[in-house]
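Structure first, commentary second.
The values are calculated or read from the model by the stated rules, or taken from the named source; none is laboratory data. Because the structure is predicted, anything quoted here is derived from the model rather than measured. Cβ placement follows ideal geometry from the backbone for every residue including glycine, while neighbour counts extend to all protein chains displayed. For accessibility, only protein heavy atoms count, side chains too; no ligands or nucleic acids. Shrake-Rupley method; radii C 1.70, N 1.55, O 1.52, S 1.80 Å.
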Amino acid sequence: MAEFSVCSDEEVITGRGKKVIVDGEEIALFKLDGTIYAISNMCPHQKFQKMHEGMIENGVITCPMHGWAYDVRTGVSTNASGKLKIFTAEVKRGKVIIQIDSPVQ
Ligand code: FES
């Protein structure tokens, strides 16, 4: 497992995704009730890397391309069969830390 500091906690704004690139992999960050969640930015449907541009509501992110939706806490789709890769994320000393070598799923 490797940890990467990707941005400050303040850069992740509730209701909006933030894209970061870690070790060549695009990751979308979201903040829900003060907690940071990190998911792959690549939608399983047609592999567009646009999840950070999607609409988020009640913890569910909707891909802006064709509307597949996923719970950012689990990666499980709420309206299709796909599942997003999720990563462990935490805030240490105001910085968002991602564990990139050990995806949760
Ligand atoms: S690429 Fe995301 S729904 Fe099609």
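Within the bounds of segment 55-70, is there any residue that is in a loop (DSSP other than H, G, I, E, B), of a type in the set (Val, Ile, Thr), surrounded by 18 or more Cβ atoms within 10 Å (Cβ to Cβ) and in contact with a Lys or Arg (Cβ under 8 Å, 6 or more places away or on another chain)? No, every residue in segment 55-70 fails to be in a loop (DSSP other than H, G, I, E, B), of a type in the set (Val, Ile, Thr), surrounded by 18 or more Cβ atoms within 10 Å (Cβ to Cβ) and in contact with a Lys or Arg (Cβ under 8 Å, 6 or more places away or on another chain). Among the candidates 69, 89, the residue that is among the small types (Gly, Ala, Ser) and farther than 18 Å from residue 25 by Cβ is uniquely 69. Listed by first and then second residue, the pairs with beta-carbon distance under 7 Å, at least 6 apart or on different chains, first residue in segment 47-58 and at negative phi, second open to solvent by 80 Å² or more (accessible area, probe 1.4 Å), are 52/19. When you check residue 89 against the structure, is it among the small types (Gly, Ala, Ser) and within 12 Å of the ligand (Cβ to nearest atom), yes or no? Here the answer is no, as residue 89 does not meet what is asked.
Quick check: anything in segment 41-58 at pLDDT below 95 and either β-branched (Val, Ile, Thr) or more than 10 Å from the ligand (Cβ to nearest atom) (or both)? There is no residue in segment 41-58 that is at pLDDT below 95 and either β-branched (Val, Ile, Thr) or more than 10 Å from the ligand (Cβ to nearest atom) (or both). Scanning segment 3-41 for residues that are open to solvent by 40 Å² or more (accessible area, probe 1.4 Å) and β-branched (Val, Ile, Thr) yields 13, 14, 21, 35. Taken over segment 71-81, the criterion of being within 17 Å of residue 18 (Cβ to Cβ) and either in contact with a Leu (Cβ under 6 Å, 6 or more places away or on another chain) or open to solvent by less than 30 Å² (accessible area, probe 1.4 Å) (or both) is satisfied by 72 alone.
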